[in-house]
Amino acid sequence: MKVRAAVARAGQGLSIENCELAEPGEQEVRVKVEATGICHTDLIALSGNLGTPLPAVLGHEGVGRIEASGPGVTGFSTGQRVLMSFGACGGCSSCQRAEPAYCHQAMTLNLAGTRLDGSSPVQGENGEPLTGHFFAQSSFATHCIARTTNLVALPDDIPAEHLAPLACSAQTGLSSVVTLLRPAAGSRLAVFGCGTVGLSAVIAARNLGCKVIVAIDRNPDRLALAKELGATHLLQGDMEALKAQFKDIGPVHNVFDTTGVPALIALGMASLLPQGKVLLAGVSPTGTELKVDLQAMVFGGRSLAGTIEGNANPRDFIPDMVHWYREGKLPLDRLVRCYDFEQIDQAVEDLRSGAVVKPVLRMATSH
């Protein structure tokens, strides 16, 4: 069928074009997209630094309704509203342990942006090959093909633009704190980087009763928002200034880094209390190295770890986030700014510049 999709081309940015979408295959559905978030991962893919073959249809925080189902689909029906999270095969040992973030086929389904057989459900109007299964969805489009393994059923009464970040960025920040760091009430946590992931971590820390919540960012507007969302200390400046500010605050139990900047990560390691942990969610360039004082780690029982999606299992964690949203504990409206699909270039530019925390595209005007 004919659809409209934002096609990313090397060195050319994004252009909304007519494309052809194949019928859903085995365990796939066709989704009419209501809204989709734009994430820094999309920007990295657009730059060519993620290895995703261009030209491509990107987008991986889609909300929509199922229009058609392929063979073998169970548990979902036509007309059902769903959130499309990251892709997973559903059959490997990681998926069987409910750890889909570490699916053995994750690189193929998410970054390579193909089905497991290497095919793409999207092609250009004139048959041009396109990468069209990014994160098993490619939701920068009016319609897309998604695997049932990355679908989570949604309620009908919550705005699509507030649900979209739950697919990736908000899920990563919240689950990293709730599932992995699990700070005790009254503890001290620092968040490096105040994008959607970092601010979601601030919200989680506040909800869990952390006494000290340190937020670091270069953007004063984002720091101000972090304070409104629960941060108790706001830090900015060069490394020497940050070290001095941290010294005044004192050591922390946990550090959550979304920047991928080695100097900041090293600062986090140096700021840990005994048995503290630094958790990394930022994507550093391939080959980036970090100098660590191993003796301080051993004698202090400190640890350093990485995470994808906060180790979340979307089928379990997304309903929890929806519950927090309903209780007023997850103010996603404070993070989101909406754009019409045709404004995708402006939305991307605003994300790059820091003018907006979480841009979300609304697709209705393009149907």
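Here, each number is a calculation from the coordinates, and none is a lab measurement. Bear in mind the structure is a predicted one, so any value in this text is a computation, not a measurement. Cβ placement follows ideal geometry from the backbone for every residue including glycine, while neighbour counts extend to all protein chains displayed.
Couple of notes before you dig in:
- Estimated from helical segments only, the mean residue ellipticity of the chain at 222 nm is -7000 deg cm²/dmol, where each DSSP H run of four or more residues counts as -39500 (n - 2.57).
- Hydrodynamic radius (Kirkwood) for region 88-179, which is based on Cα pairs only, to one decimal in Å: 14.6
- GNM flexibility winner over the chain from A263, A312, A101 (Cα, springs under 10 Å): A263
- Distance from the Cα centroid of region 250-321 to that of region 43-94 is 28 Å (rounded to whole angstrom).
- In whole percents, the pair-distance distribution calculated for region 201-264 from its alpha-carbon pairs, binned every 5 Å from zero, is 4, 17, 29, 28, 18, 4, 0.
- Of K291/K329; K211/K247; K32/K358; K211/K329, those spanning more than 26 Å from alpha-carbon to alpha-carbon: K291/K329
- Annotation: Cα Rg of region 1-94 relative to the compact-globule expectation 2.2 N^0.38 Å equals 1.18.
- Cα convex hull volume per residue for region 170-310 (Å³): 98
- Ordered from longest to shortest, the equivalent ellipsoid semi-axes for the chain are 35, 20, 20 Å, each the square root of 5 times a Cα gyration tensor eigenvalue.
- Peptide ranges 281-294, 222-235, 199-212 listed from the most packed, as the mean C-beta count within 10 angstrom indicates: 199-212, 222-235, 281-294
- Quick note on region 28-173: its Rg to Rh ratio, both from C-alpha atoms and Rh being the Kirkwood radius, is 0.94.
- In this rough spin-label picture, where each label sits 7 Å from Cα along the Cβ direction, the A10-E289 distance is 2.9 nm.
- Beta bridge orientation in the chain: antiparallel %, DSSP, nearest 5: 60
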